[in-house]
Amino acid sequence: MLKKYGLKLTSPRLKVLEAFFSSDRGITYCEILEFTSKTVDRVTVYRTLKSFEDIGLIHRIIGANDVPAYAMSIGTGSARQAGFKQHLHFCCTKCHGVFCLTDHTMPSIILPEPYQVHSMNLTIVGLCRSCNFSADDPD
């Protein structure tokens with residue numbers, strides 16, 4: 001996977017990728033540090049996230065608590081290519097999970113001249129599926 005982006009597969013990069021593949025939601029820098037069991041130093045994790053984001057392998061999501069989360073990008077090739085699909089994000093106010101809603105596309109925005117859209121970030125805030133169901137449970 002990394003070879004097609006021009007990156008070597010190193011142990012730290014593999015460990016960071018494992019963190020993404022083991023999660024069903026966006027993960028924070030601190031969660032990645034915890035996942036790597038501190039076997040990868042914090043600067044290497046930061047640089048790995050930066051390089052993954054630069055090539056479009058992951059994307060950053062700013063949640064309701066202003067802590068960035070990262071998620072794997074959808075599609076083939078770089079996010080800067082046509083394979084990336086802009087989508088909505090959801091941030092849960094109870095568990096603080098950040099989720100990609102890939103089946104829901106961004107609304108169309110028409111800007112006045114000479115503004116030009118490069119990307120959009122729309123985060124919906126509320127209760128996620130799990131927290132919503134647990135809120136209904138009287139126990």
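Go through segment 1-15 and report how many residues are assigned to a helix (DSSP H, G or I) and surrounded by 15 or more Cβ atoms within 10 Å (Cβ to Cβ).
The total comes to 3.
For every residue, the table says whether it meets (1) exposed (fewer than 13 other Cβ atoms within 10 Å of the Cβ); (2) out of contact with any Gly (no Cβ under 7 Å at 6 or more places or on another chain); (3) at pLDDT below 90.
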{"position": "17", "(1), (2), (3)": "no, yes, no"}
{"position": "26", "(1), (2), (3)": "no, yes, no"}
{"position": "31", "(1), (2), (3)": "no, yes, no"}
{"position": "38", "(1), (2), (3)": "yes, yes, yes"}
{"position": "48", "(1), (2), (3)": "no, yes, no"}
{"position": "59", "(1), (2), (3)": "no, yes, no"}
{"position": "69", "(1), (2), (3)": "no, no, no"}
{"position": "73", "(1), (2), (3)": "no, no, yes"}
{"position": "77", "(1), (2), (3)": "no, no, yes"}
Inset, instruction - Hey, can you tell me all the residues within segment 88-139 that are in a loop (DSSP other than H, G, I, E, B), at pLDDT 85 or above and closer than 17 Å to residue 63 by Cβ? - result: 93, 94, 95, 96, 97, 127, 128
Legend entry - All positions within segment 94-137 that are of a type in the set (Phe, Trp, Tyr) and either in contact (Cβ under 8 Å) with a residue 12 or more places away in the chain or touching a strand residue (DSSP E or B) at 6+ places or on another chain (Cβ under 8 Å) (or both): 99
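The values are calculated or read from the model by the stated rules, or taken from the named source; none is laboratory data. Source: prediction; values computed, not measured. We place every Cβ from the backbone using ideal geometry, glycine too, and count neighbours over all the protein chains shown.
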